[in-house]
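The values are calculated or read from the model by the stated rules, or taken from the named source; none is laboratory data. If you're wondering where the values come from, they're calculated on a predicted model, not measured in any experiment. Glycine gets a Cβ as well: all are built from the backbone with ideal geometry, and neighbour counts include every protein chain shown.
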Amino acid sequence: MADRKHLMNWLKIGFRQPEFSFSEIFFYDKRDEEFFTLLSIDYFLFDENYRIPENVSTNYTENQLNTLRDRLSRIETKDPSIIFLPRLGNNSKILTDEFVSEQISIFVKLNLINLDSSTIWEV
């Protein structure tokens with residue numbers, strides 16, 4: 001379980017991502033009850049069979065690679081247990097903390113996410 005304040009800060013960062021910037025993408029894995037991010041470079045670690053080519057190096061552990069492999073595969077097959085976090089943009093004049101918190105609350109309720117048992121995938 002993640003500290004509630006840390007989890008809310010993470011969600012606010014995810015929700016405030018620029019609309020059309022996809023260098024980092026935020027998700028929730030309902031099966032594992034875990035929030036996670038993917039970097040755009042993560043997609044290039046694997047070949048079409050989710051194996052790592054010999055000429056590719058990474059700092060991920062084998063466990064992390066297995067998790068990454070699983071999640072990328074589930075995203076590709078549009079597994080409904082992987083949920084993309086909405087992006088509100090980063091316009092600080094419009095996106096007050098209160099507004100972003102309300103949007104997070106709506107997202108959590110609509111997707112039946114239990115924040116008390118959810119974690120953040122830390123790599």
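For the range 84-117, a tally of residues being among the β-branched types (Val, Ile, Thr) and in contact with a Leu (Cβ under 9 Å, 6 or more places away or on another chain) returns 4.
For first residues located in the range 9-24 and modelled with pLDDT of 90 or more, partners that are among the polar types (S, T, N, Q) and exposed (fewer than 15 other Cβ atoms within 10 Å of the Cβ) and lie 6+ apart or on another chain with Cβ distances below 8 Å form the pairs Lys12/Ser101; Arg16/Asn90; Gln17/Asn90; Glu24/Ser40.
Within the range 30-50, the residues that satisfy the criterion of being of a type outside the set (Val, Ile, Thr) and within 8 Å of the chain's Cα centre (by Cα) are Phe35, Phe36, Leu38.
Go over the candidates Phe15, Phe36, Phe27, Phe84 one by one and state the one that is closer than 19 Å to Thr119 by Cβ and touching a Pro at 6+ places or on another chain (Cβ under 7 Å).
When all the criteria are applied, what remains is Phe15.
Considering only residues in the range 26-48 that are over 20 Å from Leu7 (Cβ atoms) and in contact (Cβ under 8 Å) with a residue 24 or more places away in the chain, the one that is surrounded by the fewest Cβ atoms within 10 Å (Cβ to Cβ) turns out to be Tyr43. The residues of the range 103-121 that are surrounded by fewer than 10 Cβ atoms within 10 Å (Cβ to Cβ) and part of a helix (DSSP H, G or I), listed by number, are Lys109, Leu110.
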